[in-house]
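S.K.: Just dropping this structure here.
The values are calculated or read from the model by the stated rules, or taken from the named source; none is laboratory data. Quick caveat, the model's predicted, so the values are computed rather than measured. Cβ coordinates were reconstructed from backbone atoms using ideal geometry, including for glycine residues, and neighbour counts include every protein chain displayed. Just the protein is used for accessible areas: all its heavy atoms, side chains included, with ligands, DNA and RNA removed. Shrake-Rupley method; radii C 1.70, N 1.55, O 1.52, S 1.80 Å.
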Amino acid sequence: MMYAIELPEQQLELPPPPPLIVEQDADGPVAAAAPLRQQTTQADTKDEPDAAADTAAQKAEGPAAAGGQATVAGGDQPATGDAAGGDVKVAQMAEAVAEALLDAEEAPYNPSAIATKEQFDLIWQWLPPRYRVQEPHLIFSTTTDGCSLSRLYTLCEGFCPLIIVVRSAEQNVFGVYISRPLAIRRGRFRGTGEDFLFTLTPTPAKYGWSHQNRYYMLVEHTQLACGGGSCFGYGFSLDDELHHGVTVHCDTFLNEPLNGGLENFECVNLEVITVR
């Protein structure tokens, strides 16, 4: 005679999965550039890739710097639809590996002739964790490559992220972090919520995305601009000769004018650094 024996079910407790880190995997335009006096009332046009990257930026935000200020309040948002597919898993694994390696991370060498070693280390701490385990490379400098915005676009084509560092005639050092490649889109803003403006002198500060609009970056033949929503200009902008620039308070980053409070600046030297 055979007997059936029922065994109690065992409950396996699995560790909670790491948080989803969603990468932007398409480079469509984000918002149409309006005349400066109309930017504050123009509705944002939001596509899914940029929205996903903005969620990742919220999770990655931390304190700005000693003497600076953080302008982004982080928050977790669940990924839905295709965002929870293979690309998300790859990005999630990459971010988890980067976080694990940060404890053993050595300070990077300084490729900049504008920022000091201490200043560049500060910029490095502001980068998303997945980039801080890679190496910085100087890909453009006005000292060696000339003062031409079109030349800058050519030498930086296809590279991202990008760190643009400027020294002004007042000897102030400031710049912008750009998460997307520099592709000309006349009249169209693009980018992600990871983009930010920063100052190194006279006071170190990081100005992250404010969530008020999506005027991250405007790449045109005649200018490069970051941050909008102001009637008087952009958070950071340069002319086509990389000589004159403007920096005003903007809604995108809620920044102070980067050139020591001055809104206009003469660019003495400019560098573009990538990470790979």
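S.K.: Report the gain in length on full extension from residue 113 to residue 244: 0.36 nm times residue separation, minus Cα-Cα distance, nm rounded to one decimal. Please report the intermediate quantities before stating the final value.
M.R.: Working: separation 131, 0.36 × 131 = 47.16 nm, distance 2.01 nm.
Between residue 113 and residue 244, full extension yields 45.1 nm more.
S.K.: In addition: Which whole-angstrom value gives the distance between the alpha carbon centres of segment 250-269 and segment 144-167?
M.R.: Their Cα centres are 19 Å away from one another.
S.K.: If the only charges are +1 at each Lys and Arg Cβ and -1 at each Asp and Glu Cβ, what is the size of the charge dipole of segment 114-165 around the Cα centre, to the nearest 20 debye? Before the final figure, lay out each step's value.
M.R.: On the way: 4 positive and 5 negative charges, 19 e Å.
Dipole size: approximately 80 debye.
S.K.: Just the accessible area per residue of segment 109-231, please: how many Å² with a 1.4 Å probe?
M.R.: With the other protein chains kept in place, segment 109-231 gives 34 Å² per residue.
S.K.: Amide H neighbours of residue 196 under 5 Å, counting only residues 5+ apart in sequence or on other chains, H built in-plane at 1.01 Å?
M.R.: Placed amide hydrogens put 177 under 5 Å from residue 196.
S.K.: Of the listed peptides 140-151, 208-219, 241-252, what is their order by residue-averaged count of other C-beta atoms within 10 Å, with the highest listed first?
M.R.: 208-219, 241-252, 140-151
S.K.: Same structure, new question: Under 17 Å from the 7 Å Cα→Cβ point of residue 264, by amide nitrogen: which residues of segment 148-169?
M.R.: Residues 168-169 qualify, since their backbone N sits under 17 Å from the label point.
S.K.: Another one. In debye to the nearest 20, how big a dipole does segment 206-276 give about its Cα centre with +1 on each Lys and Arg Cβ and -1 on each Asp and Glu Cβ?
M.R.: Here segment 206-276 has a charge dipole of around 400 debye.
S.K.: Net charge around residue 140, counting only other residues with Cβ within less than 11 Å of its Cβ (Lys, Arg = +1; Asp, Glu = -1)?
M.R.: So the surrounding residues net to -2.
S.K.: Calculated FRET efficiency, residue 150 and residue 232, Cβ-Cβ r, R0 25 Å, to nearest 0.05?
M.R.: 0.40
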